[in-house]
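For reference, the structure is listed below as structure tokens.
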């Protein structure tokens, strides 16, 4: 028998998302009524926790330290105190636009899958690229040279397909698969943790699928800062060291360096030129973002030249 919404646990990790969490939870109440919903808040200083505690869609709220996205998801999954067959990892800046009962019925025909993502649109209706291949020198050089990619084209989102990974804003995962690989690797504070998770799921024969006929909305507000970009690239380097050979890691670094230098000389957006230097330095492990962000004394666009967060002891 296919799973129902009563068999679903939804985990939302929040950090100062008071201005968007209510919209997310309203959509959960409309499209996933009956699910066990956990909001794991990471040291918000706004009204996020109060909104979560008073919303009828929420089953449980956990307020604690800012441990990062992956660790927060693990906390939320462990807090679900009734049997569930499926987990949905959902960002607080999203809004469901499809009934999850339809998705749960549909994925039953996929067999032993590891993760599922659905079509992602911005709140203005634009398609957002949300699946990709696992990192490799071939892929990074294609991106650096701005060569056409199916996952960066509307054609890649017109039908269901098996993919390497889907964006972490919406991930449906069988609970047994999540438990089998130990959940998210908590060495990642933010970024690339979903890629690592789906790589480990693939290693045990649980593939990832993109489903095209159901959708959700995701805020595309520009959150780019030097801190976020440094952290993102720090996380990518950690992924490469875990999964790629030393040769392939260096080839990826060279591809990224070429890309950042092109951005400095011929920027597509004004921020590309501003971010080119910190991206380049982070690519070669010369700067590392301070985590958690509230520990930064000099503001969100700060970094440090100490060892990266995934080597903390």
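The values are calculated or read from the model by the stated rules, or taken from the named source; none is laboratory data. This one's a predicted model, so the numbers in the text were calculated from it and none came from an experiment. For neighbour counting, all protein chains shown are included, and Cβ atoms are generated from backbone atoms with ideal geometry for every residue, glycine included.
For residue 268, the conditions (1) assigned to a loop (DSSP other than H, G, I, E, B); (2) touching a residue at least 12 places away in the same chain (Cβ under 8 Å) are fulfilled apart from (2).
In the range 27-53, the residues that are surrounded by fewer than 17 Cβ atoms within 10 Å (Cβ to Cβ) reach residues that are in a helix (DSSP H, G or I) with C-beta atoms within less than 6 angstrom, at least six apart or across chains, in these pairs: 34/5; 34/6; 46/18; 47/18.
Restricted to the range 206-220, and to residues there that are in contact with a helix residue (DSSP H, G or I) (Cβ under 9 Å, 6 or more places away or on another chain) and in a loop (DSSP other than H, G, I, E, B), the residue that is surrounded by the most Cβ atoms within 10 Å (Cβ to Cβ) is 206. Among the residues making up the range 141-159, those that are in contact with a helix residue (DSSP H, G or I) (Cβ under 9 Å, 6 or more places away or on another chain) and either more than 24 Å from residue 253 (Cα to Cα) or not in a loop (DSSP other than H, G, I, E, B) (or both) are 141, 142, 143, 144, 150, 151, 152, 156, 157.
Conditions (1) under 20 Å from residue 16 (Cβ atoms); (2) assigned by TED's automatic domain parsing to the domain that holds residue 69; (3) within 17 Å of the chain's Cα centre (by Cα); (4) surrounded by fewer than 22 Cβ atoms within 10 Å (Cβ to Cβ), marked per residue:
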| residue | (1), (2), (3), (4) |
| --- | --- |
| 194 | no, yes, yes, no |
| 198 | no, yes, yes, no |
| 201 | no, yes, yes, no |
| 204 | no, yes, no, yes |
| 230 | yes, no, yes, no |
| 239 | no, no, yes, no |
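Is it the case that residue 51 is assigned by TED's automatic domain parsing to the domain that holds residue 176 and part of a strand (DSSP E or B)? Criteria not met by residue 51.
Among the residues of the range 1-48, the ones that are under 23 Å from residue 104 (Cα atoms), in contact with a helix residue (DSSP H, G or I) (Cβ under 8 Å, 6 or more places away or on another chain) and assigned to a helix (DSSP H, G or I) come to 4 in all. What pairs come out if I take residues in the range 1-24 that are surrounded by fewer than 17 Cβ atoms within 10 Å (Cβ to Cβ) and pair them with residues that are modelled with pLDDT of 95 or more and in a loop (DSSP other than H, G, I, E, B) whose C-beta lies under 7 Å away, six or more apart or interchain? Note: pairs meeting the criteria are 6/34.
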